[in-house]
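One structure below.
Each value in this text was obtained by applying a stated rule to the coordinates, not by laboratory testing. Here the structure is a predicted model, which means the values were calculated and not measured. Note that each Cβ is placed from the backbone with ideal geometry, even for glycine, and that neighbours are counted across all protein chains shown.
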Amino acid sequence: MLKPLIIVSSRTGNTRILAHAAADALRAPLVSADALPDDLTPFNPVILAFWCDKGRAPDDMIEAARRLEGKDIGCLVTMGADPASDFGRDFLEQAPRLLCGSSNRLRMTFGCRGRISQAVFDRLTAMLGGVVTPERLANKLASDSHPDRQDVEDAVGAVLEAFAR
């Protein structure tokens, strides 16, 4: 009998919050992307919980996803941007499809804001000439309180809608 698996990559803990909630809802094991079991054949569906790393999925999630074949895939994504922005919509459309490859079936994607680490914000600020525009500051402040309770409930709802049997 197949059982669900949650694979998580999280730097600040944002994505881990969503992954734990999904694991609880599906009664599924949760593993870090860099600590997958050798045998993945007993698991289906697989939920990939990851964050936006410079406009793409993080390297550990890309490597983990390469090991998946013939799976029903769901994605839970956190990002420092507004998921409804042009960037957010593009990322949520492209990153999950790239992770799925050709042999897996993407069944759902959920994205929400996530807290931006101060180190990442400072590094981006330096790359942009050291200037923090009011727009960038507003985006950071809007992301600081996410994922919130509503994000977690919405993520679990999306997972259950796609995979509860």
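With the requirement that a residue be hydroxyl-bearing (Ser, Thr, Tyr) and either out of contact with any helix residue (DSSP H, G or I) (no Cβ under 6 Å at 6 or more places or on another chain) or surrounded by fewer than 20 Cβ atoms within 10 Å (Cβ to Cβ) (or both), what does the stretch 77-102 give you? Result: Ser85, Ser102. Which one is surrounded by the most Cβ atoms within 10 Å (Cβ to Cβ), of the residues in the stretch 1-17 that are more than 13 Å from Asp34 (Cβ to Cβ) and touching a helix residue (DSSP H, G or I) at 6+ places or on another chain (Cβ under 8 Å)? Step by step, filter the stretch 1-17, then rank; the result is Ile6.
Scanning the stretch 115-144 for residues that are within 20 Å of Ala84 (Cα to Cα) and of a type outside the set (Gly, Ala, Ser) turns up Arg115, Ile116, Pro134, Glu135, Arg136, Leu137, Asn139, Lys140, Leu141, Asp144. Summed over the stretch 122-163, the residues that are outside any helix (DSSP H, G or I) and among the polar types (S, T, N, Q) give a count of 2. Among residues of the stretch 103-114 being part of a loop (DSSP other than H, G, I, E, B) and surrounded by 17 or more Cβ atoms within 10 Å (Cβ to Cβ), the one that is farthest from the chain's Cα centre (by Cα) is Asn104. When the stretch 41-63 is filtered for residues that are within 11 Å of the chain's Cα centre (by Cα), not in a helix (DSSP H, G or I) and not β-branched (Val, Ile, Thr), the ones remaining, listed by number, are Leu48, Ala49, Phe50, Trp51, Cys52, Asp53, Arg56, Ala57, Pro58.
I'm checking my understanding of the structure. Among residues of the stretch 111-149 that are among the hydroxyl-bearing types (Ser, Thr, Tyr) and without any contact (Cβ under 8 Å) to a residue 60 or more places away in the chain, which one is farthest from Gly13 (Cα to Cα)? Residue satisfying both the conditions and the ranking: Thr133.
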